[in-house]
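Inspection log for the structure reproduced underneath, given as structure tokens.
Where a number appears in this text, it was derived from the coordinates with a stated rule and is not lab data. In this text, all values refer to a predicted model and were calculated from it rather than measured experimentally. Reconstructed Cβ throughout: ideal geometry from the backbone, glycine too, with neighbour counts over all protein chains shown.
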Amino acid sequence: MTLRADHVAGAFFICVGLLIIALSGDLPTGTLSLPGSGFMPKIVAVLTIFFGLVLTLRASESRVFATVAWSDAKHAALVVAITALGAAAYEWLGFLTTNVLLIFTLLVVIERRKLLPAATYSVGIVVVTYVLFVHLLKTPLQTGPFGF
Amino acid sequence: METTLLSLAHGFSVAFEPTNLWYAFLGCLVGTLVGVLPGIGPLAGISILLPVTFGLNATQAIIMLAGIYYGSQYGGSTTSILMRIPGEASSVMTCIDGYAMAKKGRAGAALCIAAVGSWIGGTVGLLVLTLVAPPLATIAVRFGPPEYTALLVLGLIFLAYMSSSSLIRTLLMACLGLLLGMIGIDNMTGHFRYSFDLAELGDGIGIVPVAVGLFGLGEILSTPSAGAVKDIISPRMRELLPTRKEWSDAKMPIARGTLLGFIIGIIPGSAHVISSFLSYAIERRISRHPEQFGKGAVAGVAGPETANNAASTGAFVPLLALGIPTSPITAVLIGALMIHGVSVGPTLVNEHPDVFWGFVASMYVGNIMLLVLNLPLVSVFVSVLRIPYAYLYPMIIMFCIIGVYEVNNSIVDVWIMLIMGVLGYALRKFDFDPAPLVLGLVISPILEQSLRQSLIMSNGNYLIFFSRPISLGLMLVSIGLLVLAAYAFVLHRADWRTKLAEVEAGEKEL
């Protein structure tokens, strides 16, 4: 049997449905006249499993899984990894430092830009944004150990 | 009628306050830029800029955010006509004949017709909104839990039926959204659900991190920077005026697009996308020269552009009158008003007349601003596209983080955004449209509460939905739609929705 995109997608949704049912174990389902907090999640989880099954059964209409293009996956993974580092540092380093480092890293590591233009752009765009939010729009941004 | 006109006059007095005019202008300007830039649609744009409105009052906030919404519809046409890149989804159809006109040296005329059509569609839509929304809100006050349940079920089924991707895919996305919407404290029993001892999840997952993740970050992850720079045609000012024949060719498509767009806008789903597709299909079907479509037919620009703007206005009817979002964008707008302490629904018109009428009046003003902004400044907007995407997307990521973090000052929301970005990337790979997920997330608490309240009211009898006239009518429409959808699904019949999916995927032209 050829593995198709909808086989994978359908299996994913079936797993999601099963996971929700497993996690709903301690939530009371209640009765029809007094539904509990587990009532609706279980109904929707069962529907998710059902639709996932239908998707899997009709998978022959979808693309072969091997033909799904993943050429942009490396770019995506790098962007996610660098943004995750930025998120981890955000409350610690504050808006200004984190975002200067985030934009600079994205430009240098992923886009292979030269250091000086990347640094100038990163500092410029972050400072302009900071002034716009903090001074013009009066929206306070996260501060770091240096008070900005 | 007299009361409506008096209230509208009051709305204009609110809209013409200098600060409100400024925020309407700002919204229109940013919206046009959001529409022009490929890879950042109105949903991500509104979500990212939500924190900007925290320092404003509710009226100013909704005026600015709505300006971004309808401004993006105007801006989307610019990249479609000049670059054959739809700045946002509803401009897909404009690419076909708009770009063909540009290739023939009629880019300015195409932009002018698109702008005038958008203005007429938006303004006439507003006139109907002004007349329809207040009486509808009066009726909606009588809605109880069974009616709300039936209405929301109808909304979900309509969404699935109208969706350009398959019925099952749409329902799966809606289910995933409903499940995400159940995270947090259960309002009726106080139980914590799926919060994994994270206090931040007690209030549930917010719409902003989900929307920004799926539509902002997800789009960036799916767009490698190497393919983002294209040649740009920049029309001169004197080339903007269409000829008399072009005006004459545009007249009726604009009229039909206005009517069609507004009606479809009221229906849940990605109304502005569907309306532009249907308008194009109708114009081609009734044209005396269908062979000209795809080669620069004026009607192929005038109809879809008018329809998508009229649909954007139509989408505000259920939002303002019933408090029910018909699209993820209107859902974010509801969220924005709730942040400012205004609950949207049938009581909005009476409890917050300044917000309701000020907002309606500001849209009249905003549509004129957009007309004035878009034509003379087209070359300025187009020059934004000359910024290399490699420099643009790091800036968008920064705005995503600000937008998400500032809503609750919570880093957990930023992590949710990141997870949703990865999910959005994966969903695109498997041909899923994430929009129903966001809609499911928003209506989940309302649907669950109204369903459970209905069952408590009827002592567990499901027939309550068929024993009250309004809910009975809504349920019958739902059943009818399900039967129609199942018929096409079981018999594998290709209808207009299949064609729309193919055109959106760029597989074929109409």
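Taking Cβ atoms as reference points and 14 Å as the exclusive limit, the residues near B:Gly335 contribute a net charge of -3, counting Lys and Arg as +1 and Asp and Glu as -1. Averaging Cα coordinates gives a centre for region B:96-165 and one for region A:18-51; these two points are 36 Å apart.
Rounded to whole Å, give me the distance from the Cα center of region B:258-317 to that of region A:77-95. Region B:258-317 and region A:77-95 have Cα centres separated by 42 Å. Neighbours of B:Val52, meaning other residues whose beta-carbon lies under 14 angstrom from its beta-carbon, give a summed charge of 0 when Lys and Arg score +1 and Asp and Glu score -1.
Between the residues B:Val317, B:Phe277, B:Gly296, the greatest Cα displacement towards the positive end of the dipole of the protein assembly as shown, with unit charges on the Cβ of Lys, Arg, Asp and Glu, is found for B:Gly296. Seen from A:Ala119, the other residues with C-beta closer than 15 Å to its C-beta sum to a net charge of +2, counting Lys and Arg as +1 and Asp and Glu as -1.
Across peptide A:45-56, the mean count of Cβ atoms from other chains lying within 10 Å of each residue's own Cβ comes to 4. Taking every residue in A:58-68 and counting other chain Cβ atoms within 10 Å of its Cβ, the average works out to 1. Compute the long axis of helix B:353-374 from its Cα atoms, compare it with the longest principal axis of the Cα atoms of chain B, and write down the angle in degrees, 0 to 90, nearest 10. Value to nearest ten degrees: 20. Tell me whether region A:5-67 comes out rounded, prolate or oblate; compute the Cα gyration tensor, take square roots of the eigenvalues as a ≥ b ≥ c, and use a/c under 1.5 as the rounded threshold. The shape class here is prolate. Put the Cα centre of region B:178-203 next to the Cα centre of region B:426-479 and the gap is 19 Å.
Between B:Val210, B:Leu171, B:Tyr405, the Cα set farthest toward the positive side of the dipole of region B:2-504 (charges on each charged residue's Cβ, about the Cα centre) is that of B:Leu171.
Shielding value for B:399-405 is 4, the average number of Cβ atoms from other chains within 10 Å of each residue's Cβ.
Cβ crowding within 10 Å ranks A:Val127, B:Val273 as A:Val127, B:Val273, fewest other Cβ atoms first. Amide H to amide H, with H built 1.01 Å from N, A:Gly30 comes under 5 Å of A:Gly36, counting only residues 5 or more places away or on other chains. Among B:Ser118, B:Ser343, B:Ser450, sorting on how many other beta-carbon atoms sit within 10 Å of each Cβ, with the fewest leading, yields B:Ser343, B:Ser450, B:Ser118. Under 5 Å between amide hydrogens, built in the peptide plane, is the criterion, and for B:Arg193 it picks out B:Gly184, B:Ile185, B:Asp186 among residues at least 5 positions away or on other chains.
Classify the protein assembly as shown as rounded, prolate or oblate, taking a ≥ b ≥ c as the square roots of the eigenvalues of its Cα gyration tensor: rounded when a/c is under 1.5, otherwise prolate if a/b is larger than b/c and oblate if not. Cα axes put the protein assembly as shown in the rounded bin. Going from the residue with the fewest nearby Cβ atoms within 10 Å to the one with the most, B:Thr53, B:Thr326, A:Thr105 rank A:Thr105, B:Thr53, B:Thr326. The helix-based estimate of mean residue ellipticity at 222 nm for chain B, built from -39,500 (n - 2.57) per DSSP H run of four or more residues and divided by its residue count, is -23000 deg cm²/dmol to the nearest 500.
What is chain A by shape, rounded, prolate or oblate, if you read a ≥ b ≥ c off the alpha carbon gyration tensor as root eigenvalues and call it rounded for a/c under 1.5, prolate for a/b larger than b/c, and oblate otherwise? Verdict is oblate for chain A. Applied to region B:434-450, the Karplus parametrisation 6.51 cos²θ - 1.76 cosθ + 1.60 on θ = phi - 60° returns per-residue 3J(HN,Hα) values of x, 4, x, 4, 5, 5, x, 4, 6, 7, 3, x, 5, 5, 4, 5, 5 Hz, with x for Gly and Pro. Cα extents for chain B along the principal axes, largest to smallest and rounded to whole angstrom: 68, 53, 46.
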